[in-house]
Amino acid sequence: MNERDSEQVASMFLAGGYELTQDEAEADIILINTCSVREKAELKALGKMGLLCARPTAKPWVVYGFMGCMSQSRGASIFREVPRVDVVTGTRQYHNVYRICNRLLRSRLEQGITEPLRKGAHICSTEHEDGFQNAIRDHLPSTGSCTAFVSIMQGCEMRCSYCIVPSTRGEECSRPAADIMQEVRELVQNGIKEVTLLGQIVNRYGKDEPAVNGRSAFVRLLEDLHEIDGLERIRFTSPHPIGFRQDLVNAYTYLPKLCSHIHFPMQSGSDRILQLMRRPYKNEKYLKLCEDMRAARPDLAITTDIIVGFPGETDEDYAQTKAAVERIQFDNAFIFQYSPRRDTVAAAMENQICLRVKEERNHDLLEVVNRIATARNHALVGSQQTILVEGPSKNNPERLQGRTSQNKPVIIPGDSAEIGSIIPVRITECTGFTLYGEVKK
Ligand code: 5AD
Ligand code: SF4
């Protein structure tokens, strides 16, 4: 989601006549989009900005800004941490970043600043603005990519006890379906073959709209997108068990463009911990949804998020998480050590788990997850897959990389296929997380 939000901001700067640069020394404006889900992400962003502000620069007028969740949550207090920062903008202000930064840069250039500034302009803009949810819709002019993210809803009202997101992203707001359709049609006209729909709880898209013929607003959006000629693949992230009903399970049977992969956060395999997490369902519901989806789409790859070391998590609770991982046989999982976040219920709970136990469980679970993930990948050797060729392989530009419907990267020989095409391949080799394929003639 942050990548997508950053892209929106970048596209507004491009429209205003700016250019993007990878070189910090060349930049007149430097923005860091921040995440606050875990403490580490915040410390990294603050540390990086501290280094940037302290470096010697030939451009003393540089505008430094923070955007996103940490800005929303820490607000103007960031100026005390890194005084040289000029701009702090929140999660509902992405559409104003360009205007604020451009104005500041222009006034500094007019003033003819020659000495390094010790203190920034300290402009903080974190208020809520109506209509913000439809402000993330511009894409960068064609970068040769054939995949795109599309933001369909923002915010989260679930209030999981460990999570800072409801306070940084606010209430759930969905974009009008017609606007999303229009955006995707334009993307397809520009060569996009695959879209990934984004939302904090993506399946709660349009949750206040009544179901039509048993189909939720989200499933109806999937159906409508499916009709767009030239759009080949549809993905979405991330869904939540609440609001995940049979209509969405069924969608896997009749929407072939819907890819055979779902990232479906489990968080914990223990009902006791789920309850402490304030996730209002039992683990069996989650497991059953996974199994029902696999019944609807037998090759479905499922990946997940798991938190270890939540306050009060016993060996028995942890064992249940491990058992759930064995039962579902995830294709991959992100494992997070619980990180206390300010103003959350879980941060104030007793029985916080010590770092050593969190690390042990993290390590132990990672072994299980990796064993299952690599076994599932090895099982694909010899199979036929269809891949969307995305571009040159990162490690070897002589070869191309594509992804299967299951979202697994496959490396294929160089010029054998065009970027953006969808081609059948046979998987010939697997080295743990990477698959290698040959193009079927
Ligand atoms: N500590 C650790 N992990 C967290 N997540 C969210 N909040 C926390 C926290 N306080 C994880 C969840 C979520 C993912 C994006 O980040 O697993 O699904
Ligand atoms: Fe955070 Fe829970 Fe909302 Fe996900 S559903 S963003 S974990 S509060």
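Observations on the structure shown:
- Most mobile listed residue (R118, R175, R272) in the chain, GNM with C-alpha springs under 10 Å: R118
- Whichever aspartates and glutamates have a C-alpha closer than 16 Å to that of K441, once near sequence neighbours (fewer than 8 apart) are set aside: D415, E418
- GNM flexibility winner over the chain from G391, G131, G170 (Cα, springs under 10 Å): G131
- Computed over every Cα-Cα pair of the range 88-181 and binned at 10 Å starting from 0, the pair-distance distribution P(r) comes out as 12, 32, 30, 20, 6, 0 percent.
- Cα centroid of the range 382-441 to Cα centroid of the range 118-181, whole Å: 32 Å
- Across the chain, C-alpha contacts under 8 Å between residues 6 or more apart give a mean separation that, scaled by the residue count, equals a relative contact order of 10 percent.
- Placed amide H near T196: partners under 5 Å, 5+ positions off or other chain: A148, F149, V150, R235
- Normalised per residue, the accessible area of the range 340-404 is 58 Å², obtained with a 1.4 Å probe and no contribution from ligands, DNA or RNA.
- Other-chain or far-sequence residues with amide H under 5 Å of L400's (modelled H): S393, I412, G414
- Calculated FRET value between N213 and R159, using beta carbons and R₀ = 35 Å, to 0.05: 0.65
- Per residue, the range 33-92 exposes 39 Å² of accessible surface when a 1.4 Å probe is rolled over the protein heavy atoms with every protein chain present.
- Solvent-accessible area per residue for the range 141-295 (1.4 angstrom probe, square angstrom): 39 Å²
- The accessible surface of the range 118-260, taken with every protein chain in place and a 1.4 Å probe, is 46 percent carbon and sulfur.
- No Cys partner within the rule (Cβ under 4.7 Å), the chain: C35, C53, C69, C101, C124, C146, C156, C173, C259, C290, C354, C430
- Choice from A54, A45, A211 showing the highest fluctuation, given a GNM over the chain with Cα pairs closer than 10 Å: A54
- Sequence-distant contacts, meaning Cα pairs under 8 Å at least 6 residues apart, place the relative contact order of the range 296-441 at 20 percent.
- If the chain linking I419 and S107 were pulled fully straight, counting 0.36 nm for each residue of separation and taking away their Cα-Cα distance, it would gain 108.0 nm.
- Per-peptide packing, taken as the mean over residues of other Cβ atoms within 10 Å, places 33-44, 14-25 in the sequence 33-44, 14-25 from highest down.
The values are calculated or read from the model by the stated rules, or taken from the named source; none is laboratory data. Nothing here was measured: the structure is a model prediction, and the numbers come from that model. All Cβ positions, glycine included, derive from the backbone under ideal geometry; neighbour counts span all protein chains shown. Each accessible area value is taken on the protein alone, full model and side chains, heavy atoms only, with ligands, DNA and RNA left out. Shrake-Rupley method; radii C 1.70, N 1.55, O 1.52, S 1.80 Å.
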